[in-house]
1. What figure, in Å² to the nearest 10, do you get for the accessible area of residue 271 with a 1.4 Å probe and non-protein molecules left out?
2. Between residue 291 and residue 361, what FRET efficiency follows from the Cβ-Cβ distance if R0 is 25 Å, with the result rounded to 0.05?
3. Given labels modelled 7 Å from the Cα in the Cβ direction, how far is it in nm from residue 273 to residue 346?
4. Taking amide H positions as placed in the peptide plane 1.01 Å from N, state which residues far from residue 480 in sequence (5 or more) or on other chains have amide H under 5 Å from it.
5. Assigning unit charges at the beta carbon (Lys, Arg +1; Asp, Glu -1) and nothing else, what dipole magnitude in debye, to the nearest 20, does region 249-494 show about its Cα centre?
6. In this model, which of 409/463; 288/410; 391/463; 156/288; 253/297; 309/465 are farther than 22 Å apart at the alpha-carbon?
7. First select every other residue whose beta carbon is under 14 angstrom from the beta carbon of residue 410; then total the charges, Lys and Arg +1, Asp and Glu -1.
8. Express the C-alpha Rg of region 249-494 as a ratio against the empirical globular expectation 2.2 N^0.38 Å, rounded to two decimals.
Amino acid sequence: MQTVTSADQGQPASPREPSRDATFATFAISHKQLHLSSKPDSTCRMWIQVLILCLSCLSQSEQQRPSPRRPGDQAGQCQYTFTVSGPVEASCSGGGVKVELDGVLSRLTLLEALVGRLLAGVEGSSGAAAEATGEEVLQEAYTQVTLERNQLEQEKEGLNVQVLELQRRLDEQVREAESLRRKPCPQTHTSGGSQLQDRPARDPEYNSGNGAYQEMKAEVTEVPASHLLPDGNQTFTGCGELVSVGDPVMHQKADSITGKYGVWLKDPEPRSSPYSNETVWRVDAVGKEVLQLFAYKDLDQFAQGFPMKVLVLPEPLESTGATVYRGSLYYQRKRSRTLIRYDLASESLAARLDLPHAGFHGQHPYSWGGYTDIDLAVDEQGLWVIYSTSKARGAIVISQLDPESLEVKKTWDTKIRKSTVANAFMICGRLYTVASYTAANTTINYMFDTASRLGRAISVPFKNKYHYNSMVDYNHAERKLYAWDNFHMVTYDVTLGSAAHRSS
């Protein structure tokens, strides 16, 4: 124990400010502990300011406390005793001040602990927030990449499904064609090519309700030429039935893949210059957007391969069903049942009309495919369109069109499936179908007469010299068939006869 005595003469004695020393000591400890954080934030500085303010108030209160005085001491002296290790020895009022300072120290220690915990929480939350922000950025990037990958996978699956569906349809058509060729129709014929017996509506072979249509076949019957041609050696020029088709004559061969199939023909009834009935028109139908129409002055220029003009169509063309008639190109707009009349002289769209209920873009094509759902044709009686509808269940439908407005004037239904024939054309108001597009020696196997609304099987030899005939059109001015056979543009001479047609 150490004793310190102090005496003042003439006025009350004051202690050596033990409370202020203790306060400053406590503040030094607190200040040292608060500096454990190298970078205190605004919250820490606020708590330090509060602590300094509290200590200042405490120091002022201690200075204003009345000075203790030993009673009965005339000299006004007071002795203060401080014990280091033993119990508190309070002489006069010094012991009470020590106890009070110890309480203040305890409260300040508690305050330091709270401030330390607060600083630790602020630093921890800042680091966690930064770490959370980084994790959120990475998570967002990973989510975006995953979404894009899933979209690509879905697109890939969709394309695979389309490829499989196209392959399935192709296999079905091949099997159906082979099955029909191996199984002849149970038809009754009499000598001399007499009429086929009428079939009742309940006959399942001709009942459109079950969709069991068959490819038409018949025997070849020889008829004397004297029964087909007028007396004498003059060439028959009137309308009649198709008797024969000559061998193909090649005029041009396409030199690129865009010419695998297409359309080429002449206008049998041109209307205005600079184009004439000698002008050759050509469209290469392979491509994403078919918009070019090539014009050649005549067959010689066409054979050389140098067009005199290239016209750009206002809307893309679909497949090989286009035709030229009376100064206009008639064609089907891509991926639609819309028919378009394009005026060649003004190079502008002259008319357009949707063909009611017509199948399009692979719904009812010819057997070779190629989106040949709608086929426009021209003959001595005008403009025609060959197609099918869901109501007809895939059977060929024929409509005659107004060449100016494209309005349907009249419609006929047949009983031969469009997908079982390779192509079709019109001659003198009669529909003729080609049995195969690949066989070197095939036949024109069916005829439908719009005048009598009756159809029958026929067998007129026809040659596919290059084994992929994708277009057949008739030019009544020249009495020729124009065809596009596997890059080759060919013509066939045709012979018509005046013998009375036989139909059933």
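1. Approximately 140 Å² of residue 271 is accessible to the 1.4 Å probe.
2. Step by step, r from the Cβ atoms, then E = 0.90.
3. Those two pseudo-labels are separated by 2.1 nm.
4. 475
5. For region 249-494, the charge dipole is close to 760 debye.
6. Long pairs (Cα-Cα over 22 Å): 409/463; 288/410; 391/463; 309/465.
7. Every neighbour counted, the sum reads -2.
8. That ratio works out to 0.92.
The values are calculated or read from the model by the stated rules, or taken from the named source; none is laboratory data. The shown structure was predicted, so the numbers you read here are calculated from the model rather than taken from an experiment. Glycine also receives a Cβ, built like all others from the backbone with ideal geometry; neighbour counts cover every protein chain displayed. What goes into the accessible areas is simple: the full protein's heavy atoms, side chains included, and nothing from ligands, DNA or RNA. Shrake-Rupley method; radii C 1.70, N 1.55, O 1.52, S 1.80 Å.
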